[in-house]
Amino acid sequence: MSESVEQIKVVQWFRLQYPRHVIYANQGGALLGGKNKFGLIAKMKKEGWIAGVSDLFVPVPTMIYSGLFLEMKDKGKTWSFVSEEQREFIVKMKSAGYAATWAAGFDKAKTIIEGYMKGEVV
């Protein structure tokens, strides 16, 4: 299953499981295409876009964290598939008081989110 399909499953599950809370996606540069890709990226950077921002964000504070950033990867992928920019973003968010991690597939993401929503350390 593709990363996109896994992420869609996570979002659908979250919205059913936690209807009073929000989960939203960061639309990264990988989705950009066409003749003016680099011009659009330059414009997005001026607007504040940066490479490496995690795929999903759950803006629900807990006693430990201010929110959860979650980088999605295909099921079966390893840490080596997390880019340097994504790793740096995860580290920066952790140092800023957020939970930030990555998940390979729906099942791992679901486990992380469930733990986070219970107030566990991520």
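The values are calculated or read from the model by the stated rules, or taken from the named source; none is laboratory data. Just so it is clear, the model here is predicted, and its values are computed rather than measured. FYI the Cβ positions are ideal-geometry reconstructions off the backbone, even for glycines, and counts take in every protein chain you see.
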Q: Kindly check whether there is at least one residue in the range 82-104 that is modelled with pLDDT of 95 or more, over 19 Å from residue 50 (Cα atoms) and touching a Lys or Arg at 6+ places or on another chain (Cβ under 9 Å).
A: yes
(Q) Looking for something in contact (Cβ under 8 Å) with a residue 40 or more places away in the chain and of a type in the set (S, T, N, Q) - is there at least one such residue anywhere in the range 59-79? (A) yes
Q) Of the residues that sit in the range 40-63 and are part of a helix (DSSP H, G or I), more than 18 Å from residue 92 (Cβ to Cβ) and of a type outside the set (Val, Ile, Thr), which one is nearest to the chain's Cα centre (by Cα)? A) 44
Q) Where residues in the range 63-72 are in contact with a Phe, Trp or Tyr (Cβ under 7 Å, 6 or more places away or on another chain) and farther than 16 Å from residue 82 by Cα, which of them is surrounded by the most Cβ atoms within 10 Å (Cβ to Cβ)? A) 68
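Yes or no: the range 36-43 includes at least one residue that is in contact with a Gly (Cβ under 7 Å, 6 or more places away or on another chain) and modelled with pLDDT under 95.
yes
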Q.
I need the full set of residues from the range 64-112 which are under 11 Å from the mean Cα position of the chain (by Cα) and assigned to a helix (DSSP H, G or I), in order please.
A. 86, 89, 90, 109
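Condition check ((1) without any contact (Cβ under 8 Å) to a residue 60 or more places away in the chain; (2) over 17 Å from residue 13 (Cα atoms); (3) surrounded by fewer than 17 Cβ atoms within 10 Å (Cβ to Cβ)) across all residues:
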site	(1), (2), (3)
83	yes, yes, yes
93	yes, yes, no
96	yes, yes, yes
110	no, no, yes
117	no, no, yes
Q) What number goes with the only condition from (1) over 18 Å from residue 2 (Cβ atoms); (2) buried (at least 17 other Cβ atoms within 10 Å of the Cβ); (3) aromatic (Phe, Trp, Tyr) that residue 18 does not pass? A) (2)
Q) Is it the case that residue 12 is part of a loop (DSSP other than H, G, I, E, B), under 15 Å from the mean Cα position of the chain (by Cα) and loosely packed, with under 14 Cβ neighbours inside 10 Å? A) no
Q) Residue check: is residue 51 surrounded by 14 or more Cβ atoms within 10 Å (Cβ to Cβ), out of contact with any Leu (no Cβ under 8 Å at 6 or more places or on another chain) and in contact (Cβ under 8 Å) with a residue 12 or more places away in the chain? A) yes
